[in-house]
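This report refers to the structure that appears directly beneath it.
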Amino acid sequence: MASTPHAGMRADHKAVADHDGFLRHARFRWIKVALVVCLIALIGYFAADVKPRPYGGSWYGYTLGTAGVLLIFWLALLGIRKRAMTAGRWSLKAWTSAHVYLGLALVVIATLHTGFQFGWNVHTLAYALMMLVIASGIYGAAVYAVLPSTLSSNREQLTLSQMVEGIRAIDRQLHEAAQPLTHSYTEVVLAASEESPFATSLWSRLSGKYPHCATARALTAFQNVASSPDTGPAFATVETLLIRRKAQLDRLRRQTRLKALLEIWLYLHIPGTIALIAALTAHIVSVFYYW
């Protein structure tokens, strides 16, 4: 049986939806839900019969606090949810989209819950940790929306191990090509070929700056004497190999930098979430203890 035009349109729509990122999931369904939640919270805050204004200890403050706590614990479940890859209404993409936008809505809910009353206490600590976790989450959402395509483009269908093996192959050629050179130049080449592409500081990996790169230093040394009458075929061969090593090393370093930028926020987001839950527990216990 031939497919109907409507069936074809549904298939096309599903294909487009499947390719949408988690931020655009279901035509921005969760940002709409989050905006409605924020609007309800704001209307309730200004409409609540609490003088001079609602605060954490008022009935509306308790309502917002309860909603905020439940939302925080639900948001923390994403780490467990990520282990199950399923499709449908509560696919991982849908859950992640809800996590991002409802997490942003938590800024409004929690701020209204405080009644804009802050101090040096566990209550403000819980709020500050929540804002820190949300800020790191915003960074994570931004890089996950941008960097994966850049990562894919940079590696040119090569795996990380294939990039490393390509550099190692050049190193073997450098060892052989450097044999006819004088001792001083051989040492420079060996220092470059023995330099590990991963033996770098976290700052270098994140910034992409390698001021002490042995390969760059060796290449500069060879290019500075390239016009000397003492140079011969061996110099030209080694220089060519160093140029190739530098190009492949730069690509590998770009790849590790992009991966580091993609993952570094988790080292703040996950411990921050654990600290937030601990501070939130202390906040709740202290509130009910002194109630």
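I need the calculated FRET efficiency for the pair residue 263 and residue 117, taking r as the beta carbon distance and R₀ as 41 Å, to the nearest 0.05.
Calculated transfer efficiency: 0.65.
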Seminar exercise, completed: So the FRET efficiency between residue 92 and residue 128, C-beta based with R0 = 22 Å and rounded to 0.05, is 0.15
Exercise. Does anyone have the angle between helix 214-224 and the longest principal axis of the chain? Alpha-carbon axes, 0 to 90°, nearest 10?
Worked result: 40 degrees
Exercise. Separation between the residue 74 and residue 186 pseudo-spin-labels, each 7 Å from Cα along Cα→Cβ, expressed in nm?
Worked result: 7.0 nm
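Run the count for the chain, please: Lys pairs, Cα-Cα under 18 angstrom, 8 or more apart or on different chains.
Details: 14/93; 32/93; 82/93; 209/246; 209/259.
Taking the chain as the scope, the lysine pair count is 5.
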For this session: Using +1 at the Cβ of each Lys and Arg and -1 at the Cβ of each Asp and Glu in region 160-263, identify which of 212, 225, 160 lies farthest towards the dipole's positive end.
Result: 160
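Compute, for region 160-263, the length of the dipole vector about the Cα centre, with Cβ point charges of +1 (Lys, Arg) and -1 (Asp, Glu) only. Units Debye, rounded to 20.
It works out to roughly 560 debye.
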Seminar exercise, completed: chymotrypsin sites (Phe, Trp or Tyr not before Pro) in region 142-240 lying in a DSSP loop, each with at most 16 other Cβ atoms within 10 Å of its Cβ, come to 198
Seminar exercise, completed: Per DSSP, the loop-located GluC sites (Glu not before Pro) within region 114-203 having at most 13 other beta carbons within 10 Å are 156, 194
Exercise. Efficiency by 1/(1 + (r/R0)^6): what FRET value for residue 203 and residue 223, r their Cβ-Cβ distance, R0 = 35 Å, to the nearest 0.05?
Worked result: 0.80
Problem set entry | Point-to-point label distance, residue 173-residue 157, nm (Cα→Cβ direction, 7 Å offset) | 2.1 nm
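How long is the gain from residue 289 to residue 29 if the chain were fully straight, where each residue apart is worth 0.36 nm and the alpha carbon distance is subtracted? Show your work: numbers first, answer last.
Values: separation 260, 0.36 × 260 = 93.60 nm, distance 3.99 nm.
Length difference between fully extended and current span is 89.6 nm.
Rule-based calculations on the coordinates, nothing more; no lab input. The shown structure was predicted, so the numbers you read here are calculated from the model rather than taken from an experiment. We place every Cβ from the backbone using ideal geometry, glycine too, and count neighbours over all the protein chains shown.
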